[in-house]
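To start, the structure itself, in C-alpha cells.
The values are calculated or read from the model by the stated rules, or taken from the named source; none is laboratory data. Fair warning: this is a prediction, and the values are worked out from it, not measured in the lab. Please note: Cβ atoms are built from the backbone with ideal geometry, for glycine as well, and neighbour counts cover all protein chains shown. These area figures cover heavy atoms from the full protein model, side chains too; ligands, DNA and RNA do not enter into them. Shrake-Rupley method; radii C 1.70, N 1.55, O 1.52, S 1.80 Å.
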Amino acid sequence: TTPVPLNSKAYKSPKSYSTDTTPKLKNGVKKIYDNLKKNVQTYLKNIKAELTEKGFTYLKIKVIPKSNQTEFRELMTDETLKIAVKAPPTDGKANQVLTKFLKKEFNATKVNILSGKTDRIKLFKLVK
C-alpha cells in the first residue's frame with residue numbers, strides 16, 4: 001500500500017487526546033487516600049491516649065528514608081505505622097530524626113529503639 005500524503009483529503013488526523021492523564025477514578029482514589037489519612041489520625045489519637053493513660057506505649061514503625069519530608073504516611077494492616085524520614089539511613093541519621101520526630105509528635109520524654117536499629121522495620125518504646 002502507498003502511504004497517504006498528510007496534505008491529501010484522504011488523510012484523517014488522529015483524534016485529539018486530552019492532556020489530562022489522571023485516571024477516571026480520581027474521586028475514588030481521593031476517597032481511599034482520605035480514608036487512609038483518617039485511619040492514621042485515629043490510630044495516632046489512640047496511641048496518644050494510651051501513652052497518657054499508661055505512661056508508655058510501643059510503636060512498630062516502617063521507615064522510608066530519604067523522603068521529601070518527615071511525616072506519617074500510612075497505617076499498614078498489621079498496625080505498623082509507615083513514616084517517611086527526610087534523613088538518609090547512614091550513620092544513624094534517619095534514626096535520630098525519627099526519634100526527635102516521635103518525641104515531638106507524642107510529647108514523649110523518652111523514645112527508645114528496642115529492635116531494628118539497622119532495619120526498616122523498628123520497634124519503639126515511648127515514655128511520657
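With a point put 7 Å past each Cα toward its Cβ, work out how far N112 is from F56 in nm, to one decimal.
Here the modelled spin labels are 0.6 nm apart.
From the gyration tensor of the Cα coordinates in region 31-96, what semi-axes in whole Å does the equivalent ellipsoid have, largest first, with each one equal to sqrt(5λ)? Walk me through the numbers before you get to the answer.
Numbers: eigenvalues 96, 61, 16 Å².
For region 31-96, the semi-axes come out at 22, 17, 9 Å.
Return the FRET efficiency for the residue pair K100, K30: r is the Cβ-Cβ distance, R0 is 30 Å, and the value is rounded to the nearest 0.05. Mind showing how you got there, number by number?
Values: r = 32 Å, r/R0 = 1.05.
My answer for the efficiency is 0.40.
Given a 1.4 angstrom probe, I'd like the percentage of the accessible area of region 37-78 that is carbon and sulfur, rounded to a whole number. Please list the in-between numbers first.
Details: 1300 of 2840 Å².
Ligands and nucleic acids excluded, carbon and sulfur reach 46 percent.
Of A94, S67, L51, whose Cα points farthest to the positive end of the dipole of region 39-128 (charges on the beta-carbon: +1 Lys, Arg; -1 Asp, Glu; origin at the Cα centre)?
About the Cα centre, the residue reaching furthest to the positive side is A94.
Output the pairs from K30/K86; K54/K110; K31/K86; K30/K103; K54/K86 with a Cα-Cα distance over 20 Å in this structure; if there are none, say none. Before the final figure, lay out each step's value.
Values: K30/K86 25 Å; K54/K110 14 Å; K31/K86 27 Å; K30/K103 30 Å; K54/K86 31 Å.
Check vs 20 Å cut-off fails for K30/K86; K31/K86; K30/K103; K54/K86.
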